[in-house]
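The next block holds one structure in the form of structure tokens; read it before the comments.
The values are calculated or read from the model by the stated rules, or taken from the named source; none is laboratory data. This one's a predicted model, so the numbers in the text were calculated from it and none came from an experiment. Heads up, the Cβs are rebuilt from the backbone with ideal geometry, glycines too, and the neighbour counts pull from every protein chain shown. Only protein heavy atoms, including side chains, enter the accessible area calculation; ligands, DNA and RNA are left aside. Shrake-Rupley method; radii C 1.70, N 1.55, O 1.52, S 1.80 Å.
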There are 2 protein chains.
Amino acid sequence: MPTAEILSQGDEVITGQITDTNAAWLAERLTELGFGIGQHTTVGDVLPHIERAIREAIDRAELVICTGGLGPTDDDLTARAVAQVLAAPLALDAQALAHIQALYERYGRAMPKINEKQAWLPKGCIRLDNDWGTAPGFALRTPRGLAAFLPGVPREMKAMFEARVLPLLVGELQAASSRLLTLRTTGIGESDLQERIGRFEQPNVVLSTRTRLPENHLKLRFSPQVSAERAAQIARGLAAKVGSPVFCIEGLDPIAGDLEHVVVHHLIERGQTIATAESCTGGQLAAAFTRVPGSSAVFFEGLVCYSNAAKERLAGVPAALIREHGAVSAPVARALAHGARERAKSTFALSTTGVAGPGGGTPDKPVGTVFIALSTPAGEHVRRLRLGGDRHRIQALSTGAALDLLRRHLQGVLTPP
Amino acid sequence: MPTAEILSQGDEVITGQITDTNAAWLAERLTELGFGIGQHTTVGDVLPHIERAIREAIDRAELVICTGGLGPTDDDLTARAVAQVLAAPLALDAQALAHIQALYERYGRAMPKINEKQAWLPKGCIRLDNDWGTAPGFALRTPRGLAAFLPGVPREMKAMFEARVLPLLVGELQAASSRLLTLRTTGIGESDLQERIGRFEQPNVVLSTRTRLPENHLKLRFSPQVSAERAAQIARGLAAKVGSPVFCIEGLDPIAGDLEHVVVHHLIERGQTIATAESCTGGQLAAAFTRVPGSSAVFFEGLVCYSNAAKERLAGVPAALIREHGAVSAPVARALAHGARERAKSTFALSTTGVAGPGGGTPDKPVGTVFIALSTPAGEHVRRLRLGGDRHRIQALSTGAALDLLRRHLQGVLTPP
């Protein structure tokens, strides 16, 4: 099994101002691809530290992926360190320069002088064009294999890894290649998930879990000798054990991805539409739908009814209902969803109303009390949530729970309140 | 400045199954305390890798904090590695054992036999009792300073760092304690920022930059001998160089924090209110306001007008205007903001309309073309944006630009279109 090492650099990572999600993403991706990960190393913007880290990683691993330090500013030192360690002096790469200038032109701006620095690359390197940002990456063959240097911006790093680095790894990859199927679940905690699964023992299959609020993922990694049919059979068997929390199996289901993606694509498939009326989630639910490319086919409008007056005027919630039950109540959640659906003339509507905190809690409705409702042509479904954590977490989990209420209705696995 | 290094270990970290939040938390905490962070290193549950990482870190740094590998199972190897590297053979620590047994009793359970392993600690170490879980930690004096070994469970690790490790650092801490002032900017790229600053050279001050879209931060770290007055003077001088993109100086300004926090608190201070009418940001702008605790005092309602019909019905945009100029146009952005302000009876309203992609671009309005507008009692301000990147980035930057348009108006630094 070929080994890989990951280097992250930058003062904002070393000082903890940023959590290094690049390293975790690369580690997971490289593991999927069949590499053994030897070490992650993170250093700040200090030339001797960067040189030491690169030198040691190249000595130990077949593949070294380094992120960060390719920017235009003085504290971006990666190219200089590589030039030193691999004895590849920097030279101005005309194509890299043209590529950066073209990018600025596309946005009607002149390239700032200092960006020219980004076109100085180690002599003899493989240039990795960056179509997602200004910093070009580069790769060099090393005694043991390959070292690739990518920008630190996660979006750019991921795109360049897939589009530029993978094609260089053909040889290394033949040694690896494993199949991955991911069960995405929501509305169930990790420990309950464990209990439903029980002991999982299958030859040539590794099960790992991952939490991405509001989702929990079960990752099944199959060694090459497991057939696609057998893998699918095992994944479906596990899904049956877990039950309704499973909303898709990535790698098997035609509609798969995160919760909002799955919901939007189920709606597209059925030619149905959704509207929203939000109080405590304050726009996050509408934002979840509209983040999905193509959502304009199913989502036309959303209401953020933060004040009681807005609940009445925008969604037609009767003032008496709010007076009688309070804005945070099942009847008001129902009325919000019903009103939003009627006014938008949509197939469905979702609503949220709750106490996100830190203030606003009462003994019978403490912070974390949230009501969500789904309005359908056949009537409304309301749920009461009791959520823990801070305002940020309560808003995020309420959004997830509302999406999941619609998801369960669309997949026909709506559970009783 | 004393240096610290952080070691993380465990297969689930090295394979990216979990993101290493411990390292980021420790790095930020140690930086606050005035340590310079030399390196983070992560290794899997492989004895020689752990030994190498510990040996190298102890050689380089005054303080080494290692997390993980203290569990009861065979793949928890930290104590064995330490015994090897620091020539401190493992011995059964009676008090550690009693402490673990007591913990189990508290939950009315007998201690499983395997947990006895956790009471075998390196000879001569300082035992760090764990009142938050079963794994005791330990620390040893090293030639350069101290090495502390803590459990990997974040909650336990953080509690033990604060309660057990800090008291051991009195000496190291006196050497440290630095002052930090952060200039938060928005609406300017890192390169342009660098050009405005030029060369920054001040004794006993370290300037570092950090990007948190849509913000760029300039962090000024002052050594103890710089007076508060002098530090403030330097920060204000730098802010003057950068100009209107600076929206607050954290550590100096009474209203400071992220962009939405600053905008909401300026509004609270003036007793003014804001409404929103969003197309391409699809709710993210309302969500930004309502994420801020206390925003209910200034934000009452928001409209997500994703379809043309919604723009007309919810915000009163004349159908003719959309027909004539298209939904993505300055006049429609203006009408959205104006309509939202009139209907919500708010002091201000913000609107967005644009092509977030991936589809929907045209030659004269390519993907990334976004119009934002601010409606005020004195009329509307409209801006056209040309944004790069994917849908996610375009929506996020549009949201930031809209917030910034209001921020600049509130701070009296609105720049001409």
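In summary, B:V64 fulfils each of the numbered conditions (1) open to solvent by 20 Å² or more (accessible area, probe 1.4 Å); (2) more than 9 Å from chain A (Cβ to nearest Cβ); (3) of a type in the set (A, V, I, L, M, F, W, C) with the single exception of condition (1).
Taking the range A:97-141 as the search range and keeping residues that are at the interface with chain B (Cβ under 10 Å from one of its Cβ atoms), surrounded by fewer than 16 Cβ atoms within 10 Å (Cβ to Cβ) and part of a helix (DSSP H, G or I), which one is modelled with the highest pLDDT? By that ranking, first place goes to A:K113. State whether the residues of the range B:198-207 include one that is crowded, with 20+ Cβ neighbours inside 10 Å and not in a strand (DSSP E or B). Taking every residue of the range B:198-207 in turn, none turns out to be crowded, with 20+ Cβ neighbours inside 10 Å and not in a strand (DSSP E or B). Per this entry, B:R230 is not counted among residues that are at the interface with chain A (Cβ under 8 Å from one of its Cβ atoms) and of a type in the set (K, R). If the condition is being of a type in the set (S, T, N, Q) and within 13 Å of another protein chain (Cβ to nearest Cβ), then the range A:68-80 contributes only A:T73. Highlighted here are the helices (runs of 4 or more DSSP H) found entirely within the range A:246-339 that include at least 2 residues which are away from chain B (no Cβ under 11 Å) and crowded, with 22+ Cβ neighbours inside 10 Å: A:259-270. B:V304 - would you say it is touching a Gly at 6+ places or on another chain (Cβ under 7 Å), touching a residue at least 60 places away in the same chain (Cβ under 8 Å), assigned by TED's automatic domain parsing to the domain that holds B:A277 and under 19 Å from A:F300 (Cβ atoms)? Taking the combined requirement at face value, the residue does not satisfy it. Has the range A:355-370 got at least one residue that is of a type outside the set (K, R), without any contact (Cβ under 8 Å) to a residue 24 or more places away in the chain, farther than 19 Å from B:G302 by Cβ and in contact with a His (Cβ under 7 Å, 6 or more places away or on another chain)? Checked the range A:355-370: no residue is of a type outside the set (K, R), without any contact (Cβ under 8 Å) to a residue 24 or more places away in the chain, farther than 19 Å from B:G302 by Cβ and in contact with a His (Cβ under 7 Å, 6 or more places away or on another chain). Restricted to the range A:30-50, and to residues there that are under 23 Å from the mean Cα position of the chain (by Cα) and of a type in the set (V, I, T), the residue that is least open to solvent (accessible area, probe 1.4 Å) is A:T42. Residues in the range A:340-365 that are in contact with a helix residue (DSSP H, G or I) (Cβ under 7 Å, 6 or more places away or on another chain) and assigned to a loop (DSSP other than H, G, I, E, B): A:A356, A:G357, A:P358.
Taking interchain pairs and intrachain pairs at least six residues apart, which have beta carbon atoms under 7 angstrom, with the first residue in the range B:189-210 and under 20 Å from A:V13 (Cα atoms) and among the β-branched types (V, I, T) and the second assigned to a strand (DSSP E or B) and modelled with pLDDT of 90 or more? Pairs that qualify, where the first residue is under 20 Å from A:V13 (Cα atoms) and among the β-branched types (V, I, T) and the partner is assigned to a strand (DSSP E or B) and modelled with pLDDT of 90 or more, are B:V205/B:L220; B:T209/B:N216; B:T209/B:H217; B:T209/B:L218. Across the range A:70-93, what is the total count of residues that are open to solvent by 10 Å² or more (accessible area, probe 1.4 Å) and not in a helix (DSSP H, G or I)? Going through the range A:70-93 one residue at a time, the tally reaches 14.
If you go through the range A:370-395 and keep only what is under 17 Å from A:G359 (Cβ atoms), surrounded by fewer than 16 Cβ atoms within 10 Å (Cβ to Cβ) and touching a Gly at 6+ places or on another chain (Cβ under 8 Å), you end up with A:G388, A:G389, A:D390.
Scanning the range A:208-237 for residues that are in contact with a Lys or Arg (Cβ under 9 Å, 6 or more places away or on another chain) and open to solvent by 60 Å² or more (accessible area, probe 1.4 Å) yields A:R212, A:L213, A:P224. Considering only the range A:1-15, I want to know if a residue exists there that is buried (at least 19 other Cβ atoms within 10 Å of the Cβ) and free of Cβ contacts under 8 Å to residues at least 12 places away in the same chain. Checked against the condition, which is being buried (at least 19 other Cβ atoms within 10 Å of the Cβ) and free of Cβ contacts under 8 Å to residues at least 12 places away in the same chain, the range A:1-15 yields at least one hit. Of the residues B:A53, B:A27, the single one that is closer than 30 Å to B:V205 by Cα, within 9 Å of another protein chain (Cβ to nearest Cβ) and either part of a loop (DSSP other than H, G, I, E, B) or under 34 Å from the mean Cα position of the chain (by Cα) (or both) is B:A27.
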